[in-house]
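Accompanying notes for the structure given below.
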Amino acid sequence: MTVESTAARKPRRSAGTKSTAGKRTTARNAPGTDPELVQLLTPEGKRVKNAAYDKYVAGVTPEELRGLYRDMVLTRRFDAEATSLQRQGELGLWASLLGQEAAQIGSGRALRDDDYVFPTYREHGVAWCRGVDPTNLLGMFRGVNNGGWDPNGNNFHLYTIVIGSQTLHATGYAMGVAKDGADSAVLAYFGDGASSQGDVAESFNFSAVYNAPVVFFCQNNQWAISEPTEKQTRVPLYQRAQGFGFPGVRVDGNDVLACLAVTRWALERARNGEGPTLVEAYTYRMGAHTTSDDPTRYRGDEERLAWEAKDPILRLRRHLETSNHTDEGFFAELEAESEALGRRVREAVRAMPDPDHFAIFENVYADGHALVDEERAQFAAYQASFADEGGN
């Protein structure tokens with residue numbers, strides 16, 4: 001797999017599969033068509049000026065731009081390998097970030113080491129920025145651990161499966177940061193689907209009332225599994241912040257430079273004691289919600305193709321090439337690094353032990369329970385039946 005093919009990787013349906021998306025044929029708003037959208041790089045890679053946010057990326061060097069490109073390519077390569085491993089039975093499930101690399105890398109690189117991150121379960125690019133080894137992300141999806149890394153070692157909390165609850169954790173942590181007198185900030189990630197959860201509304205209210213130094217970063221990838229955004233809200237998501245008394249901004253989530261600038265601005269507000277900010281990264285989930293999902297059942301090809309044309313990785317590559325900020329040697333080296341990462345991830349996962357089949361029954365009740373004991377015995381008999389069949 002070359003770097004070009006890695007960067008341009010598109011999800012494909014099996015041959016002959018037809019979309020059953022209920023005649024949803026009109027592509028929804030794409031970056032560049034929304035006047036409220038903060039954008040610094042067009043889909044063609046052209047740099048555009050923005051008086052409010054240019055200063056937050058004014059010092060970004062060509063080397064740093066290449067670093068952002070490298071981050072996105074390697075994150076996508078890891079993500080593709082994890083998807084393949086799940087399809088081969090090595091992982092129980094995988095939540096792909098395909099298409100959301102710019103939102104995650106741009107915001108992740110805006111953080112300082114002393115900032116703290118509360119992710120959901122799809123922030124593989126942010127984990128990369130925080131120095132979490134990619135192989136540590138896979139233990140939970142294989143069922144061999146509950147995360148695999150020390151949250152305090154990277155200031156990156158364990159993945160959160162309960163939708164939206166991490167925003168409450170982030171708000172409480174940020175309130176503690178403020179009481180301690182630190183000038184660090186907290187960044188909480190969630191999706192458009194989680195924005196409908198009561199936990200998120202409570203987080204907005206508490207963070208506003210207590211002026212907590214937290215940035216809420218919503219990756220609006222247009223689909224909460226099979227539910228489109230327009231069936232969840234009557235206003236753009238970033239405007240919800242107004243009702244709680246703090247600012248919200250919508251940024252082109254496929255523009256890594258814009259995501260970097262807007263997140264730096266929001267984190268600066270938090271550190272200066274100006275309270276919370278809601279950042280809506282308007283992006284698109286190019287693949288399935290998870291590997292248990294079939295997106296062809298609820299969305300059509302025209303919408304997907306319109307967004308694939310605005311691929312975040314290709315956008316930055318075009319900018320690098322037209323600005324003469326790189327050469328073919330850079331891409332060749334990155335190709336080799338990308339393939340090496342894929343091999344390392346595959347070898348690491350296959351070296352992991354199989355999950356303990358009986359661990360699910362532990363710690364359900366502190367002192368045990370008769371029903372759990374009964375279920376454990378039933379499961380043990382079921383497992384033993386396979387051994388009996390093998391012996392015959």
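Mind listing whichever residues of the range 81-105 are among the small types (Gly, Ala, Ser), in contact with a Pro (Cβ under 9 Å, 6 or more places away or on another chain) and modelled with pLDDT of 95 or more?
So in the range 81-105, the residues among the small types (Gly, Ala, Ser) come out as 82, 84, 89, 92, 95-96, 99, 102-103.
If we keep only those that are in contact with a Pro (Cβ under 9 Å, 6 or more places away or on another chain) too, we end up with 82, 92, 96, 99, 102-103.
Ala82, Ser96, Gly99, Ala102, Ala103, listed by residue number.
Enumerate the pairs (first residue in the range 304-330 and without any contact (Cβ under 8 Å) to a residue 12 or more places away in the chain; second residue anywhere and surrounded by 12 or more Cβ atoms within 10 Å (Cβ to Cβ) and part of a helix (DSSP H, G or I)) with beta-carbon separation below 9 Å, excluding pairs fewer than 6 apart on the same chain, so at least 6 apart or on different chains. Between residues of the range 304-330 that are without any contact (Cβ under 8 Å) to a residue 12 or more places away in the chain and residues that are surrounded by 12 or more Cβ atoms within 10 Å (Cβ to Cβ) and part of a helix (DSSP H, G or I), the close pairs are Asn324/Pro62.
Residues in the range 99-127 that are in contact with a strand residue (DSSP E or B) (Cβ under 9 Å, 6 or more places away or on another chain), closer than 21 Å to Asn254 by Cα and acidic (Asp, Glu): Glu123 only. In the range 160-247, counting only helices (runs of 4 or more DSSP H) that sit wholly within it, the ones holding 3 or more residues that are open to solvent by less than 60 Å² (accessible area, probe 1.4 Å) and in contact with a Ser or Thr (Cβ under 8 Å, 6 or more places away or on another chain) span 165-180, 198-209.
Filtered by the rule that a residue be farther than 26 Å from Gly287 by Cα and either in a loop (DSSP other than H, G, I, E, B) or of a type in the set (Gly, Ala, Ser) (or both), the range 298-345 gives Ser323, Asn324, His325, Thr326, Asp327, Gly329, Ala332. From the list Phe361, Phe330, the one residue that fits, being touching a helix residue (DSSP H, G or I) at 6+ places or on another chain (Cβ under 7 Å) and under 30 Å from Thr61 (Cβ atoms), is Phe330.
Taking the numbered list (1) open to solvent by less than 30 Å² (accessible area, probe 1.4 Å); (2) closer than 19 Å to Asn254 by Cβ; (3) out of contact with any Ser or Thr (no Cβ under 8 Å at 6 or more places or on another chain) in turn, Ser96 passes all entries but (3). Taking the criterion of being open to solvent by less than 10 Å² (accessible area, probe 1.4 Å) and among the aliphatic types (A, V, I, L, M), would at least one residue in the range 344-360 satisfy it? Within the range 344-360, one or more residues are open to solvent by less than 10 Å² (accessible area, probe 1.4 Å) and among the aliphatic types (A, V, I, L, M).
Could you tell me which of the residues Gly287, Gly329 is open to solvent by less than 70 Å² (accessible area, probe 1.4 Å) and either within 25 Å of Gly89 (Cα to Cα) or modelled with pLDDT under 95 (or both)? Don't jump to the end; show me each part of the working.
Working: Gly329 fails: either within 25 Å of Gly89 (Cα to Cα) or modelled with pLDDT under 95 (or both).
After ruling out the rest, the residue left standing is Gly287.
The values are calculated or read from the model by the stated rules, or taken from the named source; none is laboratory data. No experiment lies behind these values; they were computed from the predicted model shown. Don't worry about glycine lacking a Cβ; one is built from the backbone with ideal geometry, like all the others, and counts go over all protein chains shown. Accessible surface areas use protein heavy atoms only, side chains included; no ligands, DNA or RNA. Shrake-Rupley method; radii C 1.70, N 1.55, O 1.52, S 1.80 Å.
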